[in-house]
Amino acid sequence: MLVTVRTNCRPASAWGTRARARLRAESGYTLIELLVACVIGVTVLSATFAVLLSSQQVQARDSEWALVLQEDRAGLARMMHDMRQATKVESAEAKTGSFAFSATIGGKSYKVKYECGVSQPGTTYYECQRLAAEEGKALPAAGPAVVTDVVNSSEVFTYSPSAAEAKLVTAKIELPASGTLKQAGSTGLTHKVVLEDGAFMRNLYLEG
C-alpha cells in the first residue's frame, strides 16, 4: 500500500527572504537618523524663536518711539504757545539753542527761557528744558524737559528778520528716526523726523 504525504514545506531560501522582508518592514529609525532629525528640529525652533523675539523687540521700540514723538509734538506746541505771549525778548541766541523772554501767562508775569542745548542723560542727544520764574525772581538752574531726543541742539531757533529784532521765532526740532525707517544697505538709522513751528511776537509788534 502506497501512501502519499504532502507538506507545505518551502525551500530554506524562500523562508529567509520572507523573514528579511518582514524585519525590514518592522524596523525603526537608526540612532543616526534620530540625531539628524533632532538637530533639524532644534534648528527650526531656534530660527522661529529668533524671529518672534526680533518682532517683539521691533514692536516695543516702535511703540516707545511713537510715544516720544507724540510727547515732543506736545512740547513744541507748549513752547510756541508761551512764545506767542511774549511781551519782551530778553535774549535770542541761535548757536546755543536758547531763547528767553518775558510773558504774561494766566494773568501773571513770568520770565521764561527755553534751553535746547542741555545734554540728555544716558544718550548722545539733547533736550529742551523750560525754565520759568515769576517776574522779579531768578530763573532756576534747570527745568522740566519739554522736548527730548534733539539732534540739532545748536540749530533749533531761527529769528526773522534777525536775532536783534525777532518778530518771528521758528523752532525746528530734528529727531532720530526709529523703527523700519532705514535706507537700503545701511547699518544705522539715517533718516530724521523734523518737527517745525513758528511763533509771531504779536504783543511786541502789534502793527504786524
**Report entry** Any hit, segment 135-154, residues being under 13 Å from Met83 (Cβ atoms) and at pLDDT below 90
**Finding:** no
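Looking at the structure I just gave you, is Ala66 farther than 30 Å from Lys111 by Cα, in a helix (DSSP H, G or I) and modelled with pLDDT of 75 or more? Break it down stepwise before answering.
Working: farther than 30 Å from Lys111 by Cα: yes; in a helix (DSSP H, G or I): yes; modelled with pLDDT of 75 or more: yes.
So Ala66 passes the test.
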Report task. Among the residues of segment 143-179, write down those that are farther than 24 Å from Thr124 by Cα and assigned to a loop (DSSP other than H, G, I, E, B). Result -> Ser162, Ala163, Ala164, Glu165
Query raised in the report: What residue, of Ala100, Ala86, Ala77, is farther than 21 Å from Val194 by Cα and touching a residue at least 40 places away in the same chain (Cβ under 8 Å)?
Result: Ala86
Report summary line: By residue number, the members of segment 128-176 that are more than 19 Å from Gly198 (Cβ to Cβ), exposed (fewer than 15 other Cβ atoms within 10 Å of the Cβ) and aliphatic (A, V, I, L, M) are Ala133, Ala138, Ala141, Ala142
Query raised in the report: Going through segment 118-173 one residue at a time, which ones are without any contact (Cβ under 8 Å) to a residue 60 or more places away in the chain and in contact with a Leu (Cβ under 6 Å, 6 or more places away or on another chain)?
Result: Leu131, Ala133, Leu139, Pro140, Gly143, Ser160
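The values are calculated or read from the model by the stated rules, or taken from the named source; none is laboratory data. Owing to the predicted nature of the structure, the values given are computational and were not obtained by experimental measurement. Cβ: placed from backbone, ideal geometry, glycine included. Neighbour counts: every protein chain shown.
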